[in-house]
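Below you'll find the structure, written out as structure tokens, and then a few comments.
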Amino acid sequence: MRVIAGSARGTRLGPVPAGVRPLSDRAREGLFASLGPDVSDARCLDLFAGTGAVGIEALSRGAGSCTFVDAAREATAAIRSNLERARVSGRAIVQTADVGVYLRRRRKDEHPYELVFLDPPYGLTEPHLSGYLTALDAGWLAPEGWTVVLTRGHKSSVPSVPVHWATRRHLRYGDSLLTLYREDRWA
């Protein structure tokens, strides 16, 4: 795995921890081509971050900051190492925490995010996934505009999303389906 573009372009990321399924270079390239200018200066949140490749790609492409959350200590150690390799650790926060617990414990002084990457295990059941999406909608998303990128297996069922979330785009790469959601202010 490597960083595709931006200030850390070409940086090789470290080994993938056991049990982590990183998004392929090709899928990340397509995702960021679709996001375009939405990345510049964005506050990002990378949930189920794994190796941190997606959030690191955002930082490399000009995101203002990124918070990485993963429950596995091996994953957060890999993220820290990859942030150092890419020389973007100064704009990152790494949290070792269960994503559900992390989302329930939002601090009042924490700023909302413009760009959220959510890449849970493909076997995650619908009630849990919908719970994460509902929790994100409870103050984590910037009122001036946001994009949530959900990665699922291409054969997965469509999750229940908050009523004012609109599907902006579907991207399929191998067995991964990336869905980009934005707020539909008319709902």
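Quick note: the coordinates plus some simple rules give every number you see, no bench work behind them. Bear in mind that the values here come from a model prediction, so they are computed numbers and not experimental data. Note: ideal-geometry Cβ built from the backbone for every residue, glycine included; neighbour counts use all protein chains shown.
A few comments on the model shown:
- Distance between the C-alpha centres of region 137-187 and region 14-49: 15 Å, rounded to the whole angstrom.
- Scanning the chain for GluC sites (Glu not before Pro) in DSSP loops with at most 15 neighbouring Cβ atoms within 10 Å leaves 1-109 as the longest stretch between them.
- Dipole magnitude for the chain: about 340 debye, using +1 per Lys or Arg Cβ and -1 per Asp or Glu Cβ, origin at the Cα centre.
- Cut-off under 5 Å, modelled amide H: who pairs with ALA166 long-range: ARG182, GLU183, ASP184
- Taking a ≥ b ≥ c as the square roots of the eigenvalues of the Cα gyration tensor, region 42-121 is classed as oblate, since a/c reaches at least 1.5 and a/b does not exceed b/c.
- Amide H within-cut-off set for LEU45, under 5 Å, with H built and near neighbours excluded: THR67, LEU115, VAL116, PHE117
- This ranking places LEU177, LEU150 by how few other beta-carbon atoms lie within 10 Å of each, fewest first, which gives LEU177, LEU150.
- Ranking of ILE93, ILE4 by count of other Cβ atoms within 10 Å, fewest first: ILE93, ILE4
- Looking at the chain, the pairs of alpha carbons with a distance over 27 Å make up 19% of the total.
- With Rh defined as the Kirkwood radius, the inverse of the mean 1/r over Cα pairs, the Rg/Rh of region 1-94 is 0.92.
- Taking the DSSP beta bridges with both ends in the chain, the antiparallel portion is around 45 percent.
- Gaussian network model of the chain, Cα within-10 Å springs - most flexible of PRO143, PRO121, PRO112: PRO143
- Between the residues TYR132, GLY64, GLY10, the greatest Cα displacement towards the positive end of the dipole of the chain, with unit charges on the Cβ of Lys, Arg, Asp and Glu, is found for GLY10.
- Dipole orientation for the chain: of the candidates GLY36, LEU103, PRO22, PRO22 has the Cα lying most toward the positive pole (charges on Cβ; Lys, Arg +1; Asp, Glu -1).
- Loop-located trypsin sites (Lys or Arg not before Pro) in region 131-187, at most 12 other Cβ atoms within 10 Å (DSSP): LYS155, ARG185
- For CYS44, CYS66, the sequence from fewest to most other C-beta atoms within 10 Å is CYS44, CYS66.
- Of the trypsin sites (Lys or Arg not before Pro) found in region 46-135, those that fall in a DSSP loop while having at most 11 other beta-carbon atoms within 10 Å are ARG105, ARG107, LYS108.
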